[in-house]
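The next block holds one structure in the form of C-alpha cells; read it before the comments.
The values are calculated or read from the model by the stated rules, or taken from the named source; none is laboratory data. In this text the structure is predicted, and so the values were computed from the model without any measurement. We place every Cβ from the backbone using ideal geometry, glycine too, and count neighbours over all the protein chains shown.
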Amino acid sequence: MRNKKRDMEAKHQNSDAWKQFATWICESPSIKRALHERQAGACASCAVDIVSPSLEGCSIHHLSYDHRCTFGGNATRFLDCGPCLSTAPRKAEICLSHLRLLHTTCHDRLHKAEKRDPDWRRAMGMPPRAD
C-alpha cells in the first residue's frame with residue numbers, strides 16, 4: 001500500500017511549511033477548538049458529542065496532506081495556530097477544510113479500517129482522499 005503522507009512529503013520537499021500542516025498542526029489547541037466549533041461539538045466519525053472541555057481524548061485527522069502552511073511566509077514550529085485563526089481567517093479556513101476532529105478511539109479505528117481495506121471510504125459513502 002502506498003504511503004500517501006510520504007508521497008506528499010516528497011511533493012512538498014519536506015518543507016517546514018508542509019510539516020507545519022502535516023504534523024505540527026495536530027499539537028495546536030486552537031485548531032482543535034476551531035474544529036470542535038466547526039463540527040458543532042461532534043466527532044466527525046461517529047457523530048457523538050465530544051464532551052471533554054479540554055478536548056482531551058481527541059485527535060486531528062487529515063483528509064488530505066496535500067497542503068502547506070501559508071501563514072506569515074516561512075513556517076516555524078508553532079505550538080499553537082491561534083495567530084493564524086485570529087488574523088488570517090481565510091488561510092485558516094483552508095487548513096481547517098483539510099482536517100476533522102475525532103475521538104482518539106474513532107481515529108484509531110478509522111486508520112485500522114483504512115489499512116484493512118483501502119476502499120473503505122467508498123464503501124462508507126465517503127469521497128476518496130484528494131491526495
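Could you look through the stretch 87-106, keep only residues that are in contact with a Cys (Cβ under 8 Å, 6 or more places away or on another chain) and under 12 Å from CYS46 (Cα atoms), and pick out the one that is surrounded by the most Cβ atoms within 10 Å (Cβ to Cβ)? Can you show your working first?
Kept after step one, since they are in contact with a Cys (Cβ under 8 Å, 6 or more places away or on another chain), are these residues of the stretch 87-106: 91-92, 95, 101-104, 106.
With under 12 Å from CYS46 (Cα atoms) added as a condition, the list becomes 101-104, 106.
Working: LEU101: 27, LEU102: 23, HIS103: 19, THR104: 12, CYS106: 21.
Top of the filtered list is LEU101.
Please pick out the residue among ALA44, ALA40 that is at pLDDT 85 or above, surrounded by 13 or more Cβ atoms within 10 Å (Cβ to Cβ), under 21 Å from LEU101 (Cβ atoms) and among the aliphatic types (A, V, I, L, M). Break it down into steps so the answer makes sense when it comes.
On the way: ALA40 fails: surrounded by 13 or more Cβ atoms within 10 Å (Cβ to Cβ).
Within the list ALA44, ALA40, the selection yields ALA44.
Being within 14 Å of CYS106 (Cα to Cα) and free of Cβ contacts under 8 Å to residues at least 60 places away in the same chain is the filter here; which residues of the stretch 45-54 pass it? Even if it seems obvious, please write down each step before you answer.
Our first condition is that a residue be within 14 Å of CYS106 (Cα to Cα); within the stretch 45-54, this holds for 45-50.
ALA47, VAL48, ASP49, ILE50, listed by residue number.
List every residue pair whose Cβ atoms sit under 7 Å apart, with the two residues 6 or more apart in sequence or on different chains, where the first one lies in the stretch 10-39 and is in a loop (DSSP other than H, G, I, E, B) and the second, anywhere, is of a type in the set (Lys, Arg).
Qualifying pairs under 7 Å: HIS12/ARG68; SER15/ARG68.
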